[in-house]
Amino acid sequence: ITAFIGPSGCGKSTLLKTIAGRLPKLSGEMLLGHQIHMGYFDQQLLDFSMSKTVLEEIWDDFPQLDHTEIRTALGRFLFKGEDVFKSVGVLSGGERVRLSLIKLMLSQDNFLVLDEPTNHLDIQGKEALENALTSYDGTMLFVSHDRYFIDKIATDILVLEDGKITHTQKSMTEVINEEKTVAKEIKKSSKEDFVN
């Protein structure tokens, strides 16, 4: 499970969209391995039938699943009791994100590309996503600004900065602490330059 990190605007989401085939490559080649099935999540591309209920939205896409399997999947992402009969059109942004993530997890793709999956999710929604991804046994590549989520989920971190990708074996906590140290040193040297 690999996280892409880097400053805002450095191209992380553009890179994921390119990997997922949503944007054309500027150069180079990309080749997926044999029998790789990619699932892509982008909060801007949530595609639902607004007149359906939450239950219908999932069941129509996965008719091979029985009632218990559908309700279990919905429950894992906090759609319980009467919530499954809500119209998709009245769902909040966070609820729609959760619904989209249910579809992604049920698709059983073995390579997930996730662009900011925790945006619009409350604490319970993030925990539900963390639990689902912890038990996921495929390959995952994701971008997130949620440092706690990265630290909890990522087993590997790639840093995108100045147009280059570098691999780090540091945890997100170590990366953050290193950034703070560098920032303090810059601030200190700026003060010294000002005094001199």
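The values are calculated or read from the model by the stated rules, or taken from the named source; none is laboratory data. These figures come from a predicted structure and were not determined experimentally. Cβ sites come from the backbone with ideal geometry, for glycine too, and all protein chains shown count toward neighbours. Please note that ligands, DNA and RNA were not included when accessible areas were found on the heavy atoms of the full protein model with its side chains. Shrake-Rupley method; radii C 1.70, N 1.55, O 1.52, S 1.80 Å.
Tabulated data
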read-out	value
Residue among GLU29, GLU82 that is modelled with pLDDT of 90 or more, among the acidic types (Asp, Glu) and either farther than 30 Å from SER171 by Cα or more than 21 Å from the chain's Cα centre (by Cα) (or both)	GLU82
Matching helices (runs of 4 or more DSSP H) fully within the stretch 1-79 where at least 1 residues are of a type in the set (Val, Ile, Thr), open to solvent by less than 80 Å² (accessible area, probe 1.4 Å) and closer than 22 Å to MET140 by Cα	12-19
Residue identified as of a type outside the set (Lys, Arg), open to solvent by 60 Å² or more (accessible area, probe 1.4 Å) and free of Cβ contacts under 8 Å to residues at least 12 places away in the same chain among THR166, THR134	THR166
Meets criteria (within 28 Å of HIS167 (Cα to Cα) and not hydrophobic (A, V, I, L, M, F, W, C)) for GLY93	no
Verdict on LEU114 being open to solvent by 30 Å² or more (accessible area, probe 1.4 Å), under 24 Å from ARG22 (Cβ atoms) and touching a strand residue (DSSP E or B) at 6+ places or on another chain (Cβ under 9 Å)	no
Qualifying residue in the stretch 158-176 (condition: more than 23 Å from the chain's Cα centre (by Cα), on the phi < 0 side of the Ramachandran plot and modelled with pLDDT of 70 or more)	no
The stretch 87-111, residues that are of a type in the set (D, E, K, R) and out of contact with any strand residue (DSSP E or B) (no Cβ under 7 Å at 6 or more places or on another chain)	GLU95, ARG96, ARG98, LYS103
Among residues of the stretch 42-59, those that are hydroxyl-bearing (Ser, Thr, Tyr) and over 10 Å from PHE85 (Cα atoms), counted	2
Answer from LEU74, LEU32 - the residue that is touching a residue at least 12 places away in the same chain (Cβ under 8 Å) and within 15 Å of LEU104 (Cα to Cα)	LEU74
Any hit, the stretch 178-195, residues being under 20 Å from SER13 (Cβ atoms) and either surrounded by 10 or more Cβ atoms within 10 Å (Cβ to Cβ) or modelled with pLDDT of 85 or more (or both)	no
